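Read through the structure below, which is laid out as structure tokens, and then see the notes.
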Amino acid sequence: MAHFTKATSIHDWFNQRLGIDTVNRVLATEYWIPKNINFLWAMGMILAVTFGLLLVSGIFLLMYYQPNIHTAFDSVNYTIMQQVDFGWLWRHIHAVSASVIFLIIYIHMFTGIYYGSYKNGREMIWISGMLLFVAFSAEAFSGYMLPWGQMSYWAGMVITNLFSLGGLHLNGLVEWIRGDYIPSQAFLDRFFMLHVLLIPLIIIALIGLHFGALRIPHVNNQDGEEIDFDVESKKYLAGDKANSKVIRFMNDFLSKDMAVVAIYLVFLFYLVFWNFGFAMDPINFDPANGLQTPRDIYPEWYFLWSYEMLRPFSTNFGLMTFAFAQGIMFLLPFLDRSKNAVAASRRGWFQVWFWLLLVDMIALSAMGKMPPSGIWYDIGFTAASLFIALWVALPIITIFEKKA
Ligand code: HEM
């Protein structure tokens, strides 16, 4: 058994039992961050803060929301929005943050891709990040069901229908997922449980994994420099802070992070107060009606690119391209055959690949909102085919890449 002495202070009492000084050193004061990183490295912290806002606003909404197909719509649109003091504010914070978090996730992902921050020991950071992306997608979808409006109902119908897997006609699987033949009370109950309990728990565990995966390889830097963190941190601790290439995470780097977070929060709350409409589909202000299909059923903007991977093809092939799009990004660290973890601008063909992928995914998202006919169909089809071609080409163009 460990040896305990009479504590000299409250701090010492806890430290003897919980080793808080060691934890603080490993996770904060001696967690070393390169000096040469820009504001894009604050996106991770912005994501953590936005997730916190979603949790807090979600808890307030949960106090009045009713997961019942007869009362859910009114509990959101009348009770929370009109009767409860500041209910509208919590709802706007929740809806706007849910949409904006995807914008930040995409910026964070593309920053990682641009700087090659997913290889040479950082593979688990990328894989845990992709798992977070999937978990957030499931969280957003399940939350969309809860107001039980027309879009909740019909998007729920369309997405669960995908599980029949086209020509395989697995209708039993669709009914098992819904708990009924159509979206109904059992469906709302289980999506409610997923949204407020199971998926948030999974997200919290995954954030833990993501942060843990960062601890050993440390974050990359904008110059692709291989920093020896042991040597540089010793310099810092010896007092040669000016020549050391690293700074402490806490409080040094955190204060920089928080400056970017503060600017972000101004933007976020501008949207919450004055421009919240984009985060809520007008059709969802009509209560769910299983006898009236809306003319157009579209997913939220952040799902449009993957929706457009499905649409231009026949049902079975479309499901395959959709599954390809969801799965292939997980493999990025293994498909990129070059060892260069530097900015794409120094990587020859990879730079072309990067910008094509970005523009292609924007084009797919734009086409996902257009009717699938005429010129829109042609552009959508080309963009979806290019997406597949880009991922097939990646190992080929990177295997010949010269050392940067
Ligand atoms: C809510 C979800 C997420 C949170 C809270 C989060 C948080 C963080 C934080 C705090 C960092 C370190 C600082 C930074 O580079 O920003 C980081 C790094 C990283 N994240 Fe995430 N992340 C999330 C989602 C994702 C996703 C979806 C991906 C991509 C699939 C991803 C991939 C990465 C990569 C590759 C790095 C390493 C960057 C580097 O070494 O320079 N993360 N993340």
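The values are calculated or read from the model by the stated rules, or taken from the named source; none is laboratory data. Bear in mind the structure is a predicted one, so any value in this text is a computation, not a measurement. Cβ placement follows ideal geometry from the backbone for every residue including glycine, while neighbour counts extend to all protein chains displayed.
A residue that is near the ligand (Cβ under 8 Å from one of its atoms) and either surrounded by fewer than 17 Cβ atoms within 10 Å (Cβ to Cβ) or outside any helix (DSSP H, G or I) (or both) can be found somewhere in the range 110-117. Count of the range 143-174 residues, restricted to those that are surrounded by fewer than 21 Cβ atoms within 10 Å (Cβ to Cβ) and in contact with a Phe, Trp or Tyr (Cβ under 6 Å, 6 or more places away or on another chain), is 2.
When 286, 230, 223, 296 are checked against the criterion of being at negative phi and within 13 Å of the ligand (Cβ to nearest atom), a single residue qualifies: 223. Per the listing 153, 106, the residue uniquely assigned to a helix (DSSP H, G or I), within 27 Å of residue 275 (Cα to Cα), out of contact with any helix residue (DSSP H, G or I) (no Cβ under 6 Å at 6 or more places or on another chain) and near the ligand (Cβ under 10 Å from one of its atoms) is 106.
A count restricted to the range 308-345 and to residues that are part of a helix (DSSP H, G or I) and touching a Gly at 6+ places or on another chain (Cβ under 7 Å) stands at 5.
When residue 300 is tested against (1) surrounded by fewer than 19 Cβ atoms within 10 Å (Cβ to Cβ); (2) more than 30 Å from residue 395 (Cβ to Cβ), only condition (1) is not met.
Consider the range 118-150 and keep the residues that are closer than 25 Å to residue 207 by Cα, of a type outside the set (Gly, Ala, Ser) and outside any helix (DSSP H, G or I). The one that is farthest from the ligand (Cβ to nearest atom) is 146. The combined condition, being away from the ligand (no atom under 16 Å from the Cβ), of a type in the set (D, E, K, R) and over 21 Å from residue 302 (Cα atoms), is fulfilled by residue 240. Restricting attention to the range 334-348 and to residues that are hydrophobic (A, V, I, L, M, F, W, C) and over 22 Å from the mean Cα position of the chain (by Cα), the residue that is nearest to residue 394 (Cα to Cα) turns out to be 344. Within the range 372-395, residues that are under 17 Å from residue 350 (Cβ atoms) sit with their Cβ atoms under 7 Å from residues that are not in a helix (DSSP H, G or I), at 6+ positions apart or across chains, in these pairs: 394/336; 395/337. Got at least one residue in the range 197-213 being over 17 Å from the mean Cα position of the chain (by Cα), without any contact (Cβ under 8 Å) to a residue 24 or more places away in the chain and away from the ligand (no atom under 13 Å from the Cβ)? Yes, the range 197-213 has at least one match.
Remark: residue 80 falls outside the filter, which requires a residue to be touching a residue at least 12 places away in the same chain (Cβ under 8 Å), more than 9 Å from the ligand (Cβ to nearest atom) and within 28 Å of residue 248 (Cβ to Cβ). Which residue is surrounded by the most Cβ atoms within 10 Å (Cβ to Cβ), if the candidates are limited to the range 242-274 and must be among the polar types (S, T, N, Q) and not in a loop (DSSP other than H, G, I, E, B)? That would be 251. Quick check, is residue 65 on the phi < 0 side of the Ramachandran plot, in contact with a helix residue (DSSP H, G or I) (Cβ under 6 Å, 6 or more places away or on another chain) and among the aromatic types (Phe, Trp, Tyr)? Against the criterion (on the phi < 0 side of the Ramachandran plot, in contact with a helix residue (DSSP H, G or I) (Cβ under 6 Å, 6 or more places away or on another chain) and among the aromatic types (Phe, Trp, Tyr)), residue 65 qualifies.
Residue-wise test of (1) touching a Leu at 6+ places or on another chain (Cβ under 9 Å); (2) hydrophobic (A, V, I, L, M, F, W, C); (3) at pLDDT below 95.
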position: 11; (1), (2), (3): no, no, no
position: 20; (1), (2), (3): no, yes, no
position: 28; (1), (2), (3): yes, yes, no
position: 38; (1), (2), (3): no, no, no
position: 43; (1), (2), (3): no, yes, no
position: 52; (1), (2), (3): no, no, no
position: 65; (1), (2), (3): yes, no, no
position: 70; (1), (2), (3): no, no, no
position: 73; (1), (2), (3): no, yes, no
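The set of residues in the range 360-381 that are exposed (fewer than 15 other Cβ atoms within 10 Å of the Cβ) and in contact with a helix residue (DSSP H, G or I) (Cβ under 9 Å, 6 or more places away or on another chain) comprises 362, 369, 371, 372. For the range 158-175, which positions are under 23 Å from residue 303 (Cβ atoms) and polar (S, T, N, Q)? 160, 161, 164, listed by residue number.
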